[in-house]
1. Has the stretch 101-108 got any residue that is modelled with pLDDT of 85 or more, at negative phi and basic (Lys, Arg)?
2. Considering only residues of the stretch 118-154 that are hydroxyl-bearing (Ser, Thr, Tyr) and closer than 22 Å to residue 201 by Cα, which is surrounded by the most Cβ atoms within 10 Å (Cβ to Cβ)?
3. So which residues in the stretch 44-61 are free of Cβ contacts under 8 Å to residues at least 60 places away in the same chain, more than 13 Å from residue 166 (Cα to Cα) and either aliphatic (A, V, I, L, M) or out of contact with any Pro (no Cβ under 9 Å at 6 or more places or on another chain) (or both), if there are any at all?
4. Quick check on the stretch 59-74. Is at least one of its residues in contact with a His (Cβ under 6 Å, 6 or more places away or on another chain), at pLDDT 95 or above and not small (Gly, Ala, Ser)?
5. Could you run through the stretch 163-180 and say how many residues are more than 27 Å from residue 67 (Cα to Cα) and hydrophobic (A, V, I, L, M, F, W, C)?
6. For the structure I just gave you, tell me whether residue 112 is at pLDDT 90 or above and out of contact with any Cys (no Cβ under 9 Å at 6 or more places or on another chain).
7. Name the residues in the stretch 113-154 that are part of a helix (DSSP H, G or I) and acidic (Asp, Glu), would you?
8. Modelled with pLDDT of 85 or more and more than 21 Å from residue 47 (Cα to Cα): does that describe residue 135?
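The values are calculated or read from the model by the stated rules, or taken from the named source; none is laboratory data. Since the model is a prediction, treat every value here as computed from it, not as a measurement. Glycine also receives a Cβ, built like all others from the backbone with ideal geometry; neighbour counts cover every protein chain displayed.
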Amino acid sequence: MIPRGVLRLTVAFLALLLLVGGWCIPFYYESSSILYKFGLEKIYLRSGKMVGITVVLLVFFQVIMAGRLKSLEQIFSVKNIFSLHRINGTAIALLACLHPLLIKASEDFTAYTFDKKYYPEFLGIALLSVILLLTGTAVARSLLKISYASWLHHHRWTATIALLIIPTHVLWVSETFKSGVPRTAALTVFTLALLLAVRVWRRRVALELKTRLS
């Protein structure tokens, strides 16, 4: 039997490997927006893209942790997974705020016009709002005097909305994810995340039906 410590390190290594692979995308699959940037502006834009990719992958990890996978619970324990889920959620919120700041810094903070071509960017703003709502209510639940059952119900719905917004934002906000390896990788991650989300909802519905029938 493989020691639990070895399994934990293996899972951590695979997660890090996925993150490193994501961070390589802005370097190996440059969009035209990066090609025409130089100096500090290029650093800001590339860093912003890397932070954005990190947010997406951390959200993917968040869904995995929420999926209540037996194998993962045996490796880390339910208590540790809940703790990691909270820490990861805070990291997502902080990085989600940093992402647009770095992107706009590469453009001298030029404001977007209300043009339909900027709809992926405006979806990104909506996504940021949803992420901050998720994190804010989770952190201040007791302060807001929200019951755990009510909070969990709304948390799941809000998280599902975020999962539905993310693919549209990522796949159309940059030329990087419009074709090739980056698009295939992104679609794979989004598909797995949505399948895990469906699994969570199926279990939730089945539990509610069982409770009502008992």
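1. Within the stretch 101-108, one or more residues are modelled with pLDDT of 85 or more, at negative phi and basic (Lys, Arg).
2. If we take residues in the stretch 118-154 being hydroxyl-bearing (Ser, Thr, Tyr) and closer than 22 Å to residue 201 by Cα, then 135 is surrounded by the most Cβ atoms within 10 Å (Cβ to Cβ).
3. If the condition is that a residue be free of Cβ contacts under 8 Å to residues at least 60 places away in the same chain, more than 13 Å from residue 166 (Cα to Cα) and either aliphatic (A, V, I, L, M) or out of contact with any Pro (no Cβ under 9 Å at 6 or more places or on another chain) (or both), then 50, 51, 61 are the ones that fit.
4. Pass one, the stretch 59-74, residues in contact with a His (Cβ under 6 Å, 6 or more places away or on another chain): 65.
Applying the additional criterion that residues be at pLDDT 95 or above yields none.
Looking for residues that are in contact with a His (Cβ under 6 Å, 6 or more places away or on another chain), at pLDDT 95 or above and not small (Gly, Ala, Ser), one finds none in the stretch 59-74, hence no.
5. Adding up the residues that qualify gives 2.
6. Spelling it out, it is not the case that residue 112 is at pLDDT 90 or above and out of contact with any Cys (no Cβ under 9 Å at 6 or more places or on another chain).
7. 121
8. yes
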